1. Considering the options Phe689, Gly707, Ala648, tell which one lies farthest towards the positive end of the dipole of the stretch 644-708, charges being +1 on Lys and Arg and -1 on Asp and Glu at the Cβ, about the Cα centre.
2. Measuring with a 1.4 Å probe in the full set of protein chains, what accessible area per residue, in whole Å², belongs to the stretch 1-87?
3. Rank-order 605-612, 231-238, 742-749, 570-577 by packing density, defined as the average count of other C-beta atoms within 10 Å over each peptide's residues, highest first.
4. Mind jotting down the distance between the C-alpha centroids of the stretch 42-114 and the stretch 185-211, whole Å?
5. Averaged over every viewing direction, what's the projected area of the C-alpha convex hull for the stretch 301-437? Give it in nm², one decimal, please.
6. What shape does the stretch 298-339 have by the C-alpha gyration tensor, where a ≥ b ≥ c are the square roots of the eigenvalues, rounded means a/c under 1.5, and otherwise prolate means a/b greater than b/c and oblate the rest?
7. I'd like the distance between the alpha-carbon centres of the stretch 606-629 and the stretch 644-721, rounded to an integer number of Å.
8. With charges set only on the Cβ (+1 for Lys and Arg, -1 for Asp and Glu), what does the dipole of the stretch 550-602 come to about its Cα centre, in debye to the nearest 20?
Amino acid sequence: MKSIAEIRDSLRTARQALQQEYLAKPNSARFLHAHAMLVDRHLRMVWQEQGMPAGLALVAVGGYGRAELFPKSDIDLLILLPQPPDEALQQRLQELVGNLWDIGLEVGHSVRTIGDCMAESSDVTVQTNLLEARHITGSRTLFREMRETLAHHLSRRSFFLAKVQEQEQRHTRYLDTDFNLEPNIKESPGGLRDLQNVLWISRASGFGGTWKELAAAGLMTAQEARAVARHETLLQTLRIRLHFLANRREDRVLFDFQTELAEQMHIAATETRRASEHMMQRYYRTKRAVVLLNAVLLQNLRDHLFPEGSVISPINERFLSHDDKLELRDDQLFEKEPSAIFESFLLMEQHPELTGFSAATAHALWSSRHRIDAAFRRDPHNRKLFMDILRQPHGITHVLRRMSRNGILGRYLPAFGRIVGQMQHDLFHVYTVDEHILMVVHNLRCFTLEKHAPEHPLCNKLMKDFARPEVLYIAGLFHDIAKGRGGDHSKLGRADAMRFCKQHGLTREDSELIIWLVEHHLDFSSTAQTQDLSDQDVIAAFADKIPNDRFLVALYLLTVADIRGTSPKVWNVWKGKLMEDLFRATRRIMTGGRVADQVGEIRERAREVLNLYAVGPERHELLWGQFDAHYFLHHEPDEIAWHTRLLAHRVNTEQPVVKTRLARMGEGIQVMVYCPDQPFLFARICGFFERMRYNIMEAKIHTTQHGYALDSFLVMDSTGSKTSYRDVMNFIEYELAQQLLSKEALPAPQAGRVSRQLRHFPITPRVTISADRKGQHRLYIVAGDRPGLLASIAYTLARHRIDLRSAKINTLGARAEDTFWISGEALDKPQEVEELSATLRKQLA
């Protein structure tokens with residue numbers, strides 16, 4: 001008999017050999033079973049070494065009970081007793097568990113009698129663990145008695161309902177978008193737990209505990225059983241390799257491991273996509289298939305367990321409603337008449353009382369996907385049905401999602417099929433390309449609904465008046481459809497959209513709009529977020545690109561839907577205001593032309609606001625005399641009036657004036673700083689807000705004619721906390737003013753910590769300095785975002801004697817795209833411009 005030390009050495013050696021064998025010849029199912037058997041042997045050794053009483057039983061439960069043991073998973077054990085233990089037995093049990101840990105097993109254990117097990121089995125987790133119980137050593141008689149008692153005690157229907165509810169709650173926990181980028185392959189929707197859940201319910205219901213047994217019981221086809229086994233193998237492979245790479249129980253596909261996982265699985269990079277992106281596409285497609293199969297199988301199990309009370313009503317000669325589910329009258333309908341596939345989705349839109357497909361219809365859809373081939377796509381009737389789907393007043397988004405989940409949309413639109421599950425590590429999209437596209441269509445649909453009007457009133461108003469909105473949905477479907485092919489996806493997508501419009505008989509007018517939207521879908525956001533919208537020349541140049549008002553409205557609506565569909569964290573009220581400002585300014589130019597005296601108009605509107613506060617001309621003439629046209633052009637009348645009320649009696653103050661107010665757009669704080677100009681002022685202010693963990697969204701920097709700095713900022717909390725902005729306004733006013741009084745030299749900002757995503761998927765910084773027709777210089781920077789980034793840029797500009805006039809700070813997830821309008825003598829010297837660019841690139845790398 002081996003000692004505990006010898007058993008420990010044996011276990012470690014055997015595990016290392018098993019790992020090397022797996023890495024040399026990967027076979028997930030064989031590894032998981034072999035690992036469980038290996039641990040079984042060593043548990044028996046310890047049990048024998050301890051001389052445990054014959055009447056006890058050592059039982060594997062949970063995943064270990066299934067004889068599937070992942071490399072770093074806990075060993076879940078039940079020590080089954082014939083009666084409660086006395087003090088002496090308790091002592092021996094404690095020694096047993098201690099020895100199990102000593103040999104290197106991370107044990108999760110419980111000590112129970114059969115009565116204890118039944119008392120605890122009202123908890124569905126305990127029921128599930130006991131359902132998979134497997135005898136390791138000790139009394140087989142006691143183990144069989146426990147299994148028989150559990151089978152008698154278990155309610156199949158109650159177990160089904162409890163496991164479905166448990167799954168729904170688990171899915172809700174993992175719906176956060178962070179799990180899109182670094183999914184948990186065990187717990188997330190479409191993970192291993194979804195497959196296990198089906199098998200648990202099937203086993204408890206008496207249909208078997210393997211996919212072959214489910215197929216034999218008629219719950220799925222043999223083809224579906226083979227497909228789900230393939231998906232299960234991929235998930236198991238990823239989880240096994242994750243455990244080995246992390247050397248711990250790690251079920252999240254973290255950025256840290258994605259590249260190495262792809263290498264281990266011999267997945268190669270291509271010219272346009274990383275190896276990790278190809279690997280993650282395999283995962284996302286598997287996830288989608290598992291979600292679908294899980295839903296179909298659970299529906300099938302429900303139908304078998306709850307057969308009574310069915311309500312059937314006819315819909316037409318091919319379809320009927322069965323308990324508010326769409327069902328075929330003939331299970332072979334889709335094979336005989338493939339057009340009925342599209343008809344089924346159209347009926348889902350036309351009958352809102354339908355909650356989904358019956359299990360039989362879902363099976364038929366899955367089995368008939370292959371009927372959507374080139375001949376199907378050429379059929380004019382099918383093309384008409386697809387356009388009918390897009391023209392329905394209700395249910396478009398739900399139906400497109402169903403078509404995508406069932407693989408129908410990707411087969412009808414092959415270009416869409418290629419981007420299913422495609423993730424891009426561009427640091428701001430958190431959805432796969434297909435999910436993003438459907439999210440954009442969803443957002444466009446939301447603009448039509450009155451309940452969403454308070455959230456985006458202008459979009460709602462414009463959408464009400466927009467004739468034939470299906471053109472927007474088609475543009476949404478095609479705007480990113482060419483991602484990942486290499487080249488300009490807007491131009492490649494334009495060709496796909498043109499082909500679709502021609503094939504589906506759209507009018508010339510609608511075709512031109514769709515094709516133009518796909519090609520130019522980035523123009524609106526690029527102009528709004530990187531150009532000076534106070535410059536009428538910028539607005540006029542943008543307006544020249546827009547054929548007419550319908551094109552402008554369509555581009556605005558698509559742009560808002562697109563940005564909102566990249567990530568919940570990318571959109572904010574400030575971006576919304578930028579988009580709306582550009583829309584209104586462009587429409588004004590297109591309908592009425594330029595304002596002859598733009599500065600005069602702004603001054604007059606500011607006076608009107610001041611009159612409301614009884615501030616007459618004699619109060620503000622001295623202050624306004626210090627402002628040039630640039631100030632008036634870059635500030636709104638309300639903002640000018642606010643500055644004037646605060647500064648009219650402080651024109652020559654020596655003390656810094658810092659004032660705040662809630663941003664008029666409903667989110668963030670407007671901050672005004674007025675003081676004698678000083679070196680590194682902007683850098684000092686940036687450092688202050690970054691220490692507060694506040695983002696500067698917009699900065700307007702103005703130097704008066706008598707040498708004072710009048711700087712305006714829009715800042716927002718970057719932490720996502722629920723702190724009221726009102727609570728920090730006094731803090732900002734006092735603390736920032738105190739810091740501006742400091743005469744100490746400003747130290748160089750410290751580089752902030754780079755996020756894990758940026759560390760593993762870095763982007764090459766881009767620094768562009770250019771001059772416009774008026775000779776004004778613009779600095780455009782693209783870099784990975786990190787704490788202290790803006791302060792570092794400001795510090796570098798100050799050291800090169802570059803003055804900042806204004807800035808737009810655009811953060812897209814972990815990606816920063818910032819625009820600065822700058823001036824300084826160095827900008828007229830090519831060598832110094834190149835030195836500045838090189839310094840910034842090195843700093844941002």
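1. Among Phe689, Gly707, Ala648, the one farthest towards the positive end of the dipole of the stretch 644-708 is Ala648.
2. 45
3. Final packing ranking: 231-238, 570-577, 605-612, 742-749.
4. Cα centroid of the stretch 185-211 versus Cα centroid of the stretch 42-114: 26 Å apart.
5. Taking the Cα atoms of the stretch 301-437, their convex hull projects to 9.8 nm² on average.
6. Here the stretch 298-339 falls in the oblate category.
7. If we compute the Cα centre of each part, the gap is 20 Å.
8. Here the size comes out at about 180 debye.
The values are calculated or read from the model by the stated rules, or taken from the named source; none is laboratory data. For clarity, every value in this text was computed on a predicted model and none was experimentally measured. Note that we place each Cβ from the backbone using ideal geometry, even for glycine, and neighbour counts take in every protein chain shown. Each accessible area value is taken on the protein alone, full model and side chains, heavy atoms only, with ligands, DNA and RNA left out. Shrake-Rupley method; radii C 1.70, N 1.55, O 1.52, S 1.80 Å.
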